[in-house]
Amino acid sequence: MRNIRGILFDKDGTLFDFAATWEVWAKSFLFRLCDNDRVMAAKVGAVIGFDLDSETFARSSVVIAGTPGEVTDALHPLFPDLTRHALEMLLNEEAENAPQSAAVPLEPLLNGFRAKGLKLGVATNDAEKPARAHLEQAGVTSLFDFIAGYDSGFGSKPEAGQLHAFAAHVGLDPAQVMMVGDSTHDLRAGRAAGMVCIGVLTGLAEADILRPFADAILPDIGHLPDWLDAQVG
């Protein structure tokens, strides 16, 4: 029997469908960065694992689990006339405007968790400002007790800093927290923090990739209530 009293969510690929959000972002960002030069945009896209013709990401893309800083590092050599800071600002500006497609209806799900007394948080490798913008678009910012991005002062996943910060913020032992994510970065961070680790399949990673790091694999976060009920039944 597990005494789960808090849930910490990854954002992209977990709360929101990864492809529906970031494939749109990538196309918009690349054309803006490359002054609408499609040939150049395709070449630059390949560097970050994005195929402009099919508008899809490779599973190895740095965008999937990396931070904006890591994406900037990959792109900066191609744009020496831009400062690294200017390039990352451009990336984050486009990210704020990326359309969000919730993996499941979020408000009723999160309210259900809160009604059970669960503490809720978000730990993302996105920057905090666009992350908050995305949660605000979905109308769920106020339902979270804690929101951290890679630039919030706790580090980034797969390190456990964000996760320990959430547990401390809400006054829980990490063993009482469930980390939910769609990537091995999320689940490795959860393992490092001593949390229960749940993988979901609304990102690009397949179940076989997540399984070695997960206590359970679910189709999406909408299956969490039943899973939690089974732990105390």
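The values are calculated or read from the model by the stated rules, or taken from the named source; none is laboratory data. What you see is a predicted model, and the numbers here were worked out from it, not measured in a lab. We place every Cβ from the backbone using ideal geometry, glycine too, and count neighbours over all the protein chains shown. Just so you know, the surface numbers come from the protein's heavy atoms only, side chains and all, with ligands and any DNA or RNA stripped out. Shrake-Rupley method; radii C 1.70, N 1.55, O 1.52, S 1.80 Å.
Looking at the chain, identify the longest residue range that excludes and avoids all GluC sites (Glu not before Pro) in DSSP loops having at most 16 other Cβ atoms within 10 Å. All intermediate terms of the calculation are to be shown ahead of the outcome.
Working: sites that count: Glu55, Glu159, Glu206.
Excluding the exposed sites themselves, the longest stretch runs over 56-158.
Solvent-accessible area per residue in the range 17-60 equals 51 Å², computed with a 1.4 angstrom probe and all protein chains kept.
Take every Cα pair under 8 Å whose residues are at least 6 apart in sequence, average their separation, divide by the length of the chain, and the relative contact order is 25 percent. Using the Cβ of Ile209 as centre and a radius below 14 Å, the other residues enclosed give a net charge of -1, where K and R count +1 and D and E count -1.
Tally Lys and Arg at +1 and Asp and Glu at -1 over the other residues with C-beta under 13 Å from the C-beta of Ala138: what net charge comes out?
Details: positive: Lys11, Arg132; negative: Asp12, Asp17, Glu107, Glu136.
So the surrounding residues net to -2.
Between 0 and 90 degrees, the angle of helix 106-115 with respect to the longest Cα principal axis of the chain falls at about 30 degrees. Pairs of lysine residues in the chain that meet both criteria, 8 or more places apart or on different chains and Cα atoms under 26 Å apart, total 11.
Using DSSP, restrict attention to beta bridges with both residues in the chain and report what percent are antiparallel, rounded to the nearest 5.
Values: 3 of 22 bridges.
DSSP beta bridges in the chain are roughly 15 percent antiparallel.
Counting only other residues whose beta carbon sits under 15 Å from that of Ala115, what net charge do I get with K and R as +1, D and E as -1? Working shown, then result.
Details: positive: Arg5, Arg114, Lys116, Lys119; negative: Glu107, Asp145, Asp229.
Once positives and negatives cancel, what remains is +1.
Taking the accessible area of the chain, probe 1.4 Å, and keeping the other protein chains in place, the carbon and sulfur fraction comes to 51%.
Mind checking the per residue accessible area of the range 63-125 for me, 1.4 Å probe, whole number of Å²?
On the way: 2810 Å² over 63 residues.
With the other protein chains kept in place, the range 63-125 gives 45 Å² per residue.
Prolate is the label for the chain, because the ratio a/c of its alpha-carbon gyration tensor axes (a ≥ b ≥ c) is 1.5 or higher and a/b is greater than b/c. Helix 84-96 and the longest principal axis of the Cα set of the chain meet at an angle near 60°.
State the Cα centre-to-centre distance between the range 117-147 and the range 174-233 in whole Å. Cα centroid of the range 117-147 versus Cα centroid of the range 174-233: 18 Å apart.
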